[in-house]
1. Kindly check whether there is at least one residue in the stretch 259-276 that is within 29 Å of the chain's Cα centre (by Cα), in the same structural domain as residue 291 (by TED's automatic domain parsing) and in a loop (DSSP other than H, G, I, E, B).
2. Residue 132 fails exactly one of the following numbered conditions: (1) part of a loop (DSSP other than H, G, I, E, B); (2) surrounded by 20 or more Cβ atoms within 10 Å (Cβ to Cβ); (3) modelled with pLDDT of 90 or more. What is the number of that condition?
3. Picking from 244, 256, which residue would you name as being under 26 Å from residue 281 (Cα atoms) and touching a strand residue (DSSP E or B) at 6+ places or on another chain (Cβ under 7 Å)?
4. Select, from 186, 238, the only residue that is within 24 Å of the chain's Cα centre (by Cα) and surrounded by 21 or more Cβ atoms within 10 Å (Cβ to Cβ).
5. Test residue 133 against the criterion of being in contact with a strand residue (DSSP E or B) (Cβ under 7 Å, 6 or more places away or on another chain) and more than 22 Å from residue 194 (Cβ to Cβ), and give yes or no.
């Protein structure tokens with residue numbers, strides 16, 4: 001973080017030089033670096049401060065001996081540092097940006113070639129990152145869930161995975177994921193992910209509603225109207241109905257208590273189907289959306305806002 005800027009003259013060439021005092025690790029006194037086209041870094045005994053001098057010349061002499069800074073220069077630098085430090089401590093100064101929500105996006109398998117999971121994963125990641133609220137790590141191996149310590153670094157697990165060809169989760173991974181949410185963190189479920197891990201009896205409870213092969217289904221991909229079913233929830237507040245270009249998932253199974261956020265009328269099931277909904281699981285929260293047949297389906301501003309807010313709510317319990 002930049003604390004202060006002083007315009008002085010380069011000690012070697014007398015051309016204008018800009019000195020910047022920045023928060024960073026201190027370079028030990030006597031260690032200097034001058035190279036063509038690069039900044040000069042000078043060690044100076046300010047705790048947790050570093051001085052950088054940028055010279056306009058393209059060729060600078062090499063320094064092998066410690067630079068002797070004049071008393072005037074030392075006084076200028078010290079004064080600037082003190083003024084900047086005092087200013088940052090005064091009431092009314094700009095607050096530090098909130099910590100980003102740490103997301104583990106688990107992917108790596110799906111029904112192929114129908115579902116291009118690489119494409120959808122990239123679209124999901126870009127959607128979250130675009131909000132500036134999330135720090136996203138993509139993992140193409142569900143085995144990452146085997147480590148409770150690794151999961152502890154994250155606020156949200158986003159599951160975009162149907163294990164069509166990959167093995168199911170280990171017993172440890174199942175327990176870790178369930179406890180992750182139960183103990184107060186968040187889970188997001190996307191598209192066909194709810195059909196995964198068929199032998200795991202607890203997983204449908206995490207999903208709220210889940211796809212069952214032979215029972216659930218959808219009609220041909222088409223443009224349909226997605227309606228905001230709950231306009232008062234922080235996730236959907238201010239959002240309006242939108243035209244979705246996607247598959248309309250229908251006849252998902254399950255009877256857990258859910259709050260439907262977005263719904264649509266299915267020509268295939270002849271029923272109104274939940275397209276996005278939330279539920280609580282222990283102390284944690286789950287956001288489940290059935291959109292995302294491909295990357296194109298996710299290139300909808302309203303849907304992107306829905307996913308961003310849904311993931312924020314699942315991770316933190318609120319939407320800023």
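1. The answer is no, given that none of the residues of the stretch 259-276 is within 29 Å of the chain's Cα centre (by Cα), in the same structural domain as residue 291 (by TED's automatic domain parsing) and in a loop (DSSP other than H, G, I, E, B).
2. So the condition that residue 132 fails would be (2).
3. On the way: 244 fails: under 26 Å from residue 281 (Cα atoms).
Every option except 256 fails the conditions.
4. None of the others qualify; the one that does is 186.
5. On the way: in contact with a strand residue (DSSP E or B) (Cβ under 7 Å, 6 or more places away or on another chain): yes; more than 22 Å from residue 194 (Cβ to Cβ): yes.
Yes: the conditions hold for residue 133.
The values are calculated or read from the model by the stated rules, or taken from the named source; none is laboratory data. Not measured: the values here are computed from a predicted model. Here the Cβ is made from the backbone with ideal geometry for all residues, glycine too, and neighbour counts use every protein chain on show.
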